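Okay, so here's the structure we're looking at.
The values are calculated or read from the model by the stated rules, or taken from the named source; none is laboratory data. Just so it is clear, the model here is predicted, and its values are computed rather than measured. Counting neighbours? That spans all protein chains shown, and the Cβs are built from the backbone with ideal geometry, glycine included. Remember, those area values only see protein heavy atoms, side chains included, never the ligands or the DNA or RNA. Shrake-Rupley method; radii C 1.70, N 1.55, O 1.52, S 1.80 Å.
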Number of protein chains: 2
Amino acid sequence: MKAEILCVGTEILLGDIVNTNAVFLAQELARMGISVYHQSVVGDNSQRLKSCLQHSLEQSDLVITTGGLGPTYDDLTKETVADLFGLEMELNEESLRDIRAYFKKLNRPMTDNNIKQAMMPKGAIILKNENGTAPGLIVEGKGKAVVLLPGPPREMKPMFLHGVLPYLSRYIQGTFISHNIHVFGIGEAQVESMLRDRMEALTNPTIAPYAKEGEMLLRITAGAETPEKADAMISPLIEEICGLLGEHVYGVDVGSLQTAVVQELSKRHLHIATAESCTGGLISKRITEVSGSSQVFDCGVCSYANEIKQRIVGVSEETLARFGAVSRQTAAEMAAGIRRLSHADIGISTTGIAGPGGGTPEKPVGLVYVGVDCPWHQEVLELKLSRDFPEERELIRWLASSHALYLALQTIRKYSKQV
Amino acid sequence: MKAEILCVGTEILLGDIVNTNAVFLAQELARMGISVYHQSVVGDNSQRLKSCLQHSLEQSDLVITTGGLGPTYDDLTKETVADLFGLEMELNEESLRDIRAYFKKLNRPMTDNNIKQAMMPKGAIILKNENGTAPGLIVEGKGKAVVLLPGPPREMKPMFLHGVLPYLSRYIQGTFISHNIHVFGIGEAQVESMLRDRMEALTNPTIAPYAKEGEMLLRITAGAETPEKADAMISPLIEEICGLLGEHVYGVDVGSLQTAVVQELSKRHLHIATAESCTGGLISKRITEVSGSSQVFDCGVCSYANEIKQRIVGVSEETLARFGAVSRQTAAEMAAGIRRLSHADIGISTTGIAGPGGGTPEKPVGLVYVGVDCPWHQEVLELKLSRDFPEERELIRWLASSHALYLALQTIRKYSKQV
């Protein structure tokens with residue numbers, strides 16, 4: 001079947017927000033084996049929306065829209081679809097009850113214009129919204145289907161997963177399964193040159209590479225009659241790739257470096273602590289993002305000023321005076337110091353120049369030291385992150401935090417080898 | 001004039017990459033006052049690309065495409081446009097020289113298929129590519145224009161700015177100026193109901209509301225002959241809205257809460273410090289995101305474990321035992337404690353239950369206390385963030401950090417009133 005995605009919203013059209021809804025829907029449909037032939041964005045304008053929808057329905061069997069289901073006068077998607085299919089609008093009592101209940105739960109007054117959100121084209125399949133007031137809906141006719149979803153991603157995504165996936169499953173034969181291999185510390189070009197022959201030759205399963213900031217994801221997808229059969233097709237390929245890429249693979253289906261770190265620490269009942277300068281709390285933020293991280297993480301210090309590095313984290317005055325805050329020595333003492341202060345098993349540290357200011361010829365923007373300290377291993381890495389990414393403060397900080405997490409992960413795995 | 005953006009690339013269609021090109025182009029065109037009526041994405045498929053382009057040219061005067069200018073067989077944009085306009089392809093000698101020179105500079109061998117990149121529709125205006133091998137081009141005909149740009153953003157953006165902007169300036173009369181009013185702590189619906197009459201009545205300047213996670217942005221845009229005249233039209237409206245929304249406006253054109261906090265601290269030569277539990281370093285991460293934050297921020301402690309709250313931040317054992325870590329009293333002692341420890345002027349703190357686990361009937365997921373402590377003000381806010389966003393750990397943490405930054409901002413502004 002041919003599908004297309006139509007996102008409604010002037011704020012996307014004007015470039016005020018990035019269209020992440022299209023990415024999510026395209027990925028989900030691709031995973032099901034439904035081909036997306038076209039994506040488009042149109043503003044909150046009745047006439048243009050109608051023309052777009054008409055065009056989409058001519059060329060595709062399934063159109064998924066996001067946005068334009070809100071309570072205000074410029075939310076028009078439902079009305080336009082009803083018009084195109086020649087359906088009357090009617091009040092859906094159940095939706096109205098749900099909307100009333102939602103406002104009651106929030107203890108907020110419901111205004112009259114919210115009633116508009118319970119008006120539905122006659123015969124539509126209603127999709128409940130667990131995270132907002134606008135219900136979604138599916139309208140069928142003329143051998144076509146239009147799925148209307150709300151615009152906010154935190155409403156749209158659960159509605160797609162809980163309401164639309166089961167509906168679409170009728171169009172699917174067999175199943176598609178994907179597994180993700182997470183790769184760090186090796187360039188995309190190098191991975192591609194190692195795997196190119198395999199990537200080009202394989203059709204089922206397939207290998208798709210995705211570059212993310214500073215890391216890489218290899219998605220292996222197989223289609224088969226059952227999930228078990230798909231998995232059996234994928235397993236040997238995962239094993240092969242993990243063998244090829246060695247310790248650059250930091251996990252399979254693990255989600256993120258921080259999740260891998262928390263999992264590996266939990267397994268071994270180890271605790272980690274962070275002393276951050278240039279990353280400013282980003283590492284502790286990433287670790288504590290992981291639910292359950294309180295089992296392995298007690299303490300992080302963002303020692304942004306030298307005085308704090310010295311007085312609280314315990315870097316020696318002499319080290320700071322002789323080598324400076326951005327130095328191998330300071331990173332080492334920060335990692336050792338936070339471990340002492342926190343009583344954790346492993347200390348990690350960052351100190352560097354994230355820019356845009358503060359660089360010198362000797363210590364340019366992007367120079368970052370990442371340290372680790374524990375009884376079985378001490379190491380400091382020198383990173384030069386600005387060569388690739390001039391003046392991108394947030395990117396430098398992100399990459400520095402990723403290197404620190406990857407260094408922690410390797411260190412944790414060394415521990416297991418010793419015991 | 002009516003414009004639309006057409007992005008060519010199967011990787012966007014499948015959701016493998018986010019379409020940031022469309023965002024960039026939409027913003028740039030909006031800034032020039034060129035209305036973008038439609039955005040679309042199509043795969044690397046000749047027939048569908050042709051159908052899309054044809055449709056775009058029927059409804060718009062200007063079509064800007066990205067992607068499909070590469071050397072391989074599935075790069076088809078130029079050929080498709082030539083076909084639609086009935087133009088022959090011919091070798092452009094200058095482009096070929098540029099491509100040869102580019103490979104020579106990189107010291108890489110040039111392959112034969114790169115010659116394809118120098119083939120151009122007859123009569124096209126060529127746009128030099130300073131960051132890659134694919135030249136861009138502009139094709140005119142039938143009162144329409146198509147601008148073809150390469151797909152990689154680091155090639156596309158400079159080409160747009162240096163080559164396309166000067167070309168488009170012929171279509172522009174006057175200028176458009178926007179200013180952003182940043183709003184926190186008041187619901188979107190409430191703001192809209194306060195401003196609805198104005199929003200509907202105004203045509204120049206206009207007010208456009210954008211909801212972001214936990215905050216709101218009101219964009220005021222005016223078109224006029226000169227930037228000065230546009231600003232003069234906007235100023236009274238900004239004043240009016242700021243008057244209406246009072247202290248909920250945290251800044252105009254300030255970018256983010258953390259930037260506002262850093263700016264206000266800098267002005268007054270004040271320092272801030274953070275003691276974070278549930279936000280896990282997110283507040284210090286947000287503060288240090290701002291370039292120049294080292295002038296106002298020295299120290300943050302992520303005291304995730306009770307033992308750290310007590311031993312390092314200085315929360316009393318009795319408080320923790322009697323009221324628990326997630327309590328008004330602990331938040332107050334954390335804010336006071338981090339101020340003592342860091343010697344900063346202002347201490348802010350968070351402690352709460354971010355979920356998904358750890359909630360109880362008395363202290364459910366989403367219960368967060370946010371504290372501030374300084375000589376002229378002490379306050380603790382109780383937030384119940386889960387009512388709106390059940391089980392969204394990252395969103396709860398984000399909102400908690402925003403409330404803490406907003407509380408800090410209000411506190412800093414109280415200081416100025418005292419002196």
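Just want to confirm a number: the relative contact order over chain A, from Cα pairs under 8 angstrom separated by 6+ residues, in percent. Could the numbers behind the result be given before it?
Details: 782 pairs, mean separation 40.7, N = 419.
Reported relative contact order: 10 percent.
Can you tell me how the stretch A:228-302 classifies by the Cα gyration tensor, rounded, prolate or oblate, using a/c under 1.5 as the rounded cut? Could the numbers behind the result be given before it?
Working: a/c = 2.90, a/b = 2.23, b/c = 1.30.
Prolate, since a/c reaches 1.5 and a/b exceeds b/c.
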Please list A:241-248, A:118-125 highest first by mean number of surrounding beta-carbon atoms within 10 Å per residue.
A:118-125, A:241-248
Out of all DSSP beta bridges with both ends in the protein assembly as shown, state the antiparallel percent to the nearest 5.
65 percent
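Averaged over its residues, how many other protein chain Cβ atoms are within 10 Å of peptide A:20-29's Cβ atoms? Numbers along the way, then the final one.
On the way: counts 3, 0, 8, 7, 1, 1, 7, 3, 1, 2.
Rounded to a whole number, the mean comes out at 3.
For chain B, what is the Kirkwood hydrodynamic radius in Å, using each pair of distinct C-alpha atoms?
On the way: mean 1/r = 0.0398 Å⁻¹.
About 25.2 Å, per the Kirkwood formula over Cα pairs.
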Which order, highest average first, do B:151-160, B:376-385 follow once you tally other Cβ atoms within 10 Å for each residue and take the mean per peptide?
B:151-160, B:376-385
Two-site label geometry, B:Val18 and A:Leu202: point separation in nm, points 7 Å out along Cα→Cβ:
2.7 nm
Helix-derived mean residue ellipticity, 222 nm - over chain A, DSSP H n ≥ 4, -39500 (n - 2.57), to 500:
-12000 deg cm²/dmol
In degrees, nearest ten, helix B:227-245 long axis to first principal axis of chain B (Cα)
30 degrees
Rank B:Leu245, B:Ala230, B:Ser266 by how far each Cα sits towards the positive end of the charge dipole of the stretch B:222-269 (+1 on Lys, Arg Cβ; -1 on Asp, Glu Cβ) and give me just the farthest.
B:Ser266
Radius of gyration and Dmax over the Cα atoms of the stretch B:302-403, both given in Å:
13.2, 38
Average beta-carbon neighbours from other chains, 10 Å sphere, peptide A:51-57:
2
Residues whose placed amide H lies under 5 Å from that of A:Tyr250, excluding near-sequence neighbours:
A:His182, A:Val183, A:Phe184
Can you list the HN-Hα couplings for the stretch A:31-47, worked out from phi with the Karplus curve (6.51, -1.76, 1.60; θ = phi - 60°), rounded to whole Hz and with x for Gly and Pro?
4, 8, x, 8, 7, 8, 9, 6, 10, 8, 10, 9, x, 7, 9, 4, 5
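Given just the C-alpha atoms of the stretch A:8-103, how large is their convex hull per residue in cubic angstrom? It would help to have the intermediate numbers written out before the result.
Working: hull volume 13.3 nm³, N = 96.
Roughly 139 Å³ of hull volume per residue.
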Per residue of the stretch A:66-80, in order, report the coupling 6.51 cos²θ - 1.76 cosθ + 1.60 (Karplus, θ = phi - 60°) as ³J(HN,Hα) in whole Hz, putting x for Gly and Pro.
10, x, x, 10, x, x, 8, 4, 9, 8, 10, 4, 4, 4, 5
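Out of the total accessible area of the protein assembly as shown (probe 1.4 Å, heavy atoms of protein only), what percent is carbon and sulfur?
Working: 17610 of 35060 Å².
On the protein assembly as shown, the fraction of accessible area on carbon and sulfur atoms equals 50 percent.
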Computed E for B:Glu140/A:Ala321 - FRET, C-beta separation, R0 45 angstrom, nearest 0.05
0.10
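Shape verdict for the stretch B:146-276, please, from the Cα gyration tensor: rounded (a/c under 1.5), prolate (a/b greater than b/c) or oblate. Let's see the in-between values first.
On the way: a/c = 2.02, a/b = 1.35, b/c = 1.50.
Oblate, since a/c reaches 1.5 and b/c is not below a/b.
From the square roots a ≥ b ≥ c of the eigenvalues of the alpha-carbon gyration tensor of the stretch B:94-213, which class results: rounded (a/c under 1.5), prolate (a/b over b/c), or oblate?
Numbers: a/c = 4.03, a/b = 2.29, b/c = 1.76.
Since a/c reaches 1.5 and a/b is larger than b/c, the shape of the stretch B:94-213 is classed as prolate.
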Nearest-ten-degree value, helix B:393-418 long axis tilted from longest Cα axis of chain B
70 degrees
Applied in sequence order to the stretch A:353-358, the curve 6.51 cos²θ - 1.76 cosθ + 1.60 (Karplus, θ = phi - 60°) yields integer Hz couplings, x standing for Gly and Pro, of 10, 7, x, x, x, x
Need the C-alpha centroid separation for the stretch B:235-263 versus the stretch A:159-176, integer Å.
45 Å
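Report the equivalent ellipsoid semi-axes for the stretch A:282-361 in whole Å, largest first, defined as the square roots of five times the eigenvalues of the gyration tensor built from alpha carbon atoms.
Three semi-axes, in Å: 24, 16, 9.
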Number of partner chain Cβ atoms within 10 Å, mean per residue of A:36-48
5
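Quick one: accessible area per residue over chain A, 1.4 Å probe, rounded to a whole number of Å²?
Numbers: 17470 Å² over 419 residues.
Computed with neighbouring chains in place, this is 42 Å² per residue.
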Between A:Asp231 and B:Lys212, how high is the FRET efficiency from 1/(1 + (r/R0)^6) when r is the Cβ-Cβ distance and R₀ = 56 Å? Nearest 0.05.
0.90
Sort out for me the Cα centre separation of the stretch B:100-146 from the stretch B:318-368, rounded to whole Å.
60 Å
Would you list, by chain and number, the aspartates and glutamates whose Cα falls below 16 Å from the Cα of A:Lys122, excluding same-chain residues fewer than 8 positions away?
A:Glu79, A:Asp83, A:Glu88, A:Glu90, A:Glu93, A:Glu94, A:Glu140
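Per residue, how big is the convex hull around the C-alpha atoms of the protein assembly as shown? Give it to me in cubic angstrom, could you? Provide the component values of the computation, followed by the final result.
On the way: hull volume 153.5 nm³, N = 838.
Enclosed volume per residue, from the Cα hull, is 183 Å³.
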When we measure straight from the Cα of B:Lys229, which lysines land under 21 angstrom away, once same-chain ones fewer than 8 places off are left out?
none
Can you figure out the FRET efficiency of A:Thr72 with A:Gln27, using R₀ = 22 Å and their beta-carbon distance, to the nearest 0.05?
0.15
For the cross-link pairs A:Lys78/B:Lys285; B:Lys2/B:Lys50; A:Lys144/B:Lys50, which exceed 30 Å when the distance is taken from alpha carbon to alpha carbon?
A:Lys78/B:Lys285
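Percent of Cα-Cα pairs more than 24 Å apart in the stretch A:38-166, please.
On the way: 1841 of 8256 pairs.
Roughly 22 percent, rounded to a whole number.
Say the cut-off is 32 Å between C-alpha atoms; which of B:Lys128/B:Lys212; B:Lys157/B:Lys414; A:Lys363/B:Lys116; A:Lys116/B:Lys212; A:Lys105/B:Lys212; A:Lys105/B:Lys414 go over it?
On the way: B:Lys128/B:Lys212 38 Å; B:Lys157/B:Lys414 43 Å; A:Lys363/B:Lys116 44 Å; A:Lys116/B:Lys212 23 Å; A:Lys105/B:Lys212 22 Å; A:Lys105/B:Lys414 35 Å.
Where the Cα-Cα span goes over 32 Å, the pairs concerned are B:Lys128/B:Lys212; B:Lys157/B:Lys414; A:Lys363/B:Lys116; A:Lys105/B:Lys414.
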Dimensions of the stretch A:223-360 along principal axes (Cα, Å, largest first)?
65, 35, 23
Using protein heavy atoms only (no ligands, DNA or RNA), what is the total accessible area buried between B and A, 1.4 Å probe, nearest 100 Å²?
5300 Å²
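Ordered by packing density, taken as the mean number of other Cβ atoms within 10 Å over each peptide's residues, highest first, how do A:302-308, A:255-261 rank? Can you show the working numbers first?
Numbers: A:302-308: 23.9, A:255-261: 22.1.
Result, highest mean first: A:302-308, A:255-261.
Contact order normalised by length for the stretch A:88-176, with contacts defined as Cα pairs under 8 Å and 6 or more residues apart; what percent is it? Before the final figure, lay out each step's value.
On the way: 98 pairs, mean separation 19.3, N = 89.
About 22 percent, as a whole number.
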